[in-house]
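S.K.: Following this message is one structure expressed as structure tokens.
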Amino acid sequence: MEPTATTVTAPPEVGTFQPKITAFVCNWCTYAGADLTGTSRIKYQPNVRVIRLPCTGRIDFMLLLKAFARGSDGIIVSGCHPNDCHYTSGNYHARRRWMVFRDLLDFAGIDLRRVTFAWVSAAEGAKWAELVDEVTSRVRELGPYREYRALTSAGIE
């Protein structure tokens, strides 16, 4: 009896692009919501690396550019809902700065679909999981972000 040839196929996730997503989140709401997602055992994409900050109002948006320079393919900025900030108005400051920074990103030619600004409270673990899955899918469709890395390797930073 002769051995038969078997075809080994790789799982579908092998060989597909796995985006690197950096999330800048506030300690009091979104980070707690992400923690709730884990303690509730809600499944979501593992592509996000979370950077916890005291408040979204303290985010220097140059950190977003640094994340792109260090290899991120997408970014999430998320904090407390309006009127829910533990520092009274930090999320309003973040939203105002985001509107200005968004125009600068657009002017610089950075695809705005790669940056997501969202509100997630401590009680919205399922919303965090949906947000991560949505952003991961969108960035996966966009593909790796090589344009920013090309600019930084050319000495423009």
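The values are calculated or read from the model by the stated rules, or taken from the named source; none is laboratory data. Here the structure is a predicted model, which is why all the values come from computation and not from measurement. Backbone-built Cβ (ideal geometry, glycine too); neighbour counts: all protein chains shown.
S.K.: Could you check how many residues of segment 68-96 are surrounded by fewer than 18 Cβ atoms within 10 Å (Cβ to Cβ), in contact with a Ser or Thr (Cβ under 9 Å, 6 or more places away or on another chain) and assigned to a helix (DSSP H, G or I)?
M.R.: 3
S.K.: Same structure again: Are there any pairs, at least 6 apart or on different chains, whose C-beta atoms fall under 9 Å, with the first in segment 49-74 and over 21 Å from M99 (Cβ atoms) and in contact (Cβ under 8 Å) with a residue 40 or more places away in the chain and the second aliphatic (A, V, I, L, M) and assigned to a helix (DSSP H, G or I), and if so, which?
M.R.: Close Cβ pairs (under 9 Å, with a partner that is aliphatic (A, V, I, L, M) and assigned to a helix (DSSP H, G or I)) amount to A69/L151; S72/L64; D73/V139; D73/L142.
S.K.: Of everything in segment 111-157 that's in a loop (DSSP other than H, G, I, E, B) and modelled with pLDDT under 90, which residue is surrounded by the fewest Cβ atoms within 10 Å (Cβ to Cβ)?
M.R.: Narrowing segment 111-157 to residues in a loop (DSSP other than H, G, I, E, B): 111, 120-124, 143-146, 154-157.
Now drop any that are not modelled with pLDDT under 90, which leaves 146, 154-157.
On the way: R146: 10, A154: 8, G155: 6, I156: 9, E157: 10.
Among those that are in a loop (DSSP other than H, G, I, E, B) and modelled with pLDDT under 90, it is G155.
S.K.: Among the residues of segment 31-67 satisfying the criterion of being of a type in the set (A, V, I, L, M, F, W, C) and assigned to a loop (DSSP other than H, G, I, E, B), which is surrounded by the fewest Cβ atoms within 10 Å (Cβ to Cβ)?
M.R.: Ranking the qualifying residues of segment 31-67, first place goes to I42.
S.K.: When only residues in segment 19-67 that are under 13 Å from the mean Cα position of the chain (by Cα) and among the polar types (S, T, N, Q) count, which is nearest to A122 (Cα to Cα)?
M.R.: Here the residue is T30.
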